[in-house]
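Visitor: Before I ask anything, here is the structure I am working with.
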Amino acid sequence: MTDQDCILFLQWALPRLRLRWTGFRKVRRQVCKRIFARIRELDLPDVTAYRSYLEQRPDEWPLLDSLCRVTISRFYRDNSVFQFLEQEVLPSLTRHILAGGEHELRCWSIGCASGEEPYTLAILWERVFRTRFPDITIRIIATDGDKTMIERSWRGCYAAGSLKELPVEWVARAMKASGGNYCINDDIRESVTFLQQDIRTSAPEGRFHLVLCRNSVFTYFDEGLQEEMLERIAARLLPGGALVMGIHESLPHGPGRKRFEVWLERLKIYRRGTG
């Protein structure tokens, strides 16, 4: 299967999955490799035959959908985002929690892949805020639809390459070397719970002060599905809570965006309004 064959196939198939080609353009090789493996598994001659197979077998579409998940992640990704969380967002949310007589900061990481994002948040809290706000505990729920990614997250062991953006002192405090990898310390693990959930069909119970939805929903889903997911996120986000998107993403243009106020547009960080 050539690159052009895969592009044409994705441009045909993705809209039927409520996904959009523009989101996959730069990461298509990861997806194309999986699709080619599936074509070989089915002993089909080419991608045209696989397209015909899909048209005849509706039960194949959910499997194709699973092949289109993008699992690129790393610790401290877009470090300016985590710096702004440290300097502005987390102190503001924590003060609000204390003013309301609460003692738990609840966070949700959507599309967590193999766990780098929620663990980064947990390390940030441990490094900067645990002693500063001793009466507050952090609880992070991290969700992803891919069972393999969730299993990797629970293991919490990573190659050195995924840590290259994480400050060296953070690595020393939060991880231990093990068999050529670096594994998350137990005290960091305790604040993160991983759930296999696809945001398109389910969401964790409760409401949250902080939602991280970066480089997933608002990159790969089509506009209509993005709007539906924004409504779902808004329903789980407490008034005054923060939504963090990917720095190259945008809120969909439907009515759901009216629920949010800009916190810092450059980093695509928004605050949930009261409406």
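The values are calculated or read from the model by the stated rules, or taken from the named source; none is laboratory data. Please read these numbers as outputs of a predicted model, since none were measured by experiment. When we count neighbours, we look across all protein chains shown, and the Cβ atoms used for this are built from the backbone with ideal geometry, even at glycine. Quick note on the areas: whole protein, heavy atoms, side chains included, nothing else; ligands and nucleic acids left out. Shrake-Rupley method; radii C 1.70, N 1.55, O 1.52, S 1.80 Å.
Visitor: Please list, in chain and number order, the residues 5+ apart from N185 or on another chain whose amide H is under 5 Å from its amide H, with Hs placed from the backbone.
Guide: Hits under the 5 Å cutoff: M175, K176.
Visitor: Could you state the accessible area per residue of the chain in Å², with a 1.4 Å probe and every protein chain left in place?
Guide: I get 47 Å² per residue for this part.
Visitor: Let me ask something else about it. Rounded to the nearest 5, what is the percent of antiparallel bridges among the DSSP beta bridges in segment 175-275?
Guide: In segment 175-275, approximately 70 percent of DSSP beta bridges are antiparallel ones.
Visitor: Okay, moving on. Find how much the distance from K176 to L63 grows on full extension, using 0.36 nm per residue of separation minus their present alpha carbon separation; answer in nm with one decimal.
Guide: Net length gain for the segment: 37.0 nm.
Visitor: Calculate I(q)/I(0) for the chain by the Debye formula, one identical point scatterer on each C-alpha and no solvent, and give its log10 at q = 0.07, 0.10 Å⁻¹ to two decimals.
Guide: For the chain at q = 0.07, 0.10 Å⁻¹, log10 I(q)/I(0) is -0.28, -0.55.
Visitor: Want the number for A99 to D46: 0.36 nm per residue separation, take away the alpha-carbon distance, what's left?
Guide: The A99-D46 span can extend by a further 12.9 nm.
Visitor: Do any cysteines in the chain lack another Cys Cβ under 4.7 Å, and if so which?
Guide: C68, C107, C112, C213
Visitor: Right, next: For segment 1-102, build the convex hull from the C-alpha positions and give me its volume per residue in Å³.
Guide: 158 Å³
Visitor: To make sure I understand the rule: partners must be lysines, Cα under 24 Å from the Cα of K268, and not fewer than 8 residues away in the same chain. Which ones qualify?
Guide: Here the lysines satisfying the reach criterion relative to K268 are K26, K164, K258.
Visitor: Of the heavy-atom accessible surface of the chain (probe 1.4 angstrom), what whole percent is carbon and sulfur?
Guide: C and S atoms contribute 49 percent here.
Visitor: List the lysines whose Cα sits under 20 Å from the Cα of K147, skipping any in the same chain fewer than 8 residues away.
Guide: Within the straight-line cut-off, K147 pairs with K33.
Visitor: Would you work out which of I233, N181, Q197 lies farthest towards the positive end of the dipole of segment 128-238? Charges go on Cβ: Lys and Arg +1, Asp and Glu -1.
Guide: Working it through, the farthest residue towards the positive pole turns out to be N181.
Visitor: Any idea what the relative contact order of the chain is, in percent, if you count C-alpha pairs under 8 Å spaced at least 6 apart?
Guide: Across the chain, relative contact order equals 17 percent.
Visitor: What FRET efficiency comes out for E86 versus I7 if R0 is 35 angstrom and r is the Cβ-Cβ distance? Round to the nearest 0.05.
Guide: 0.30
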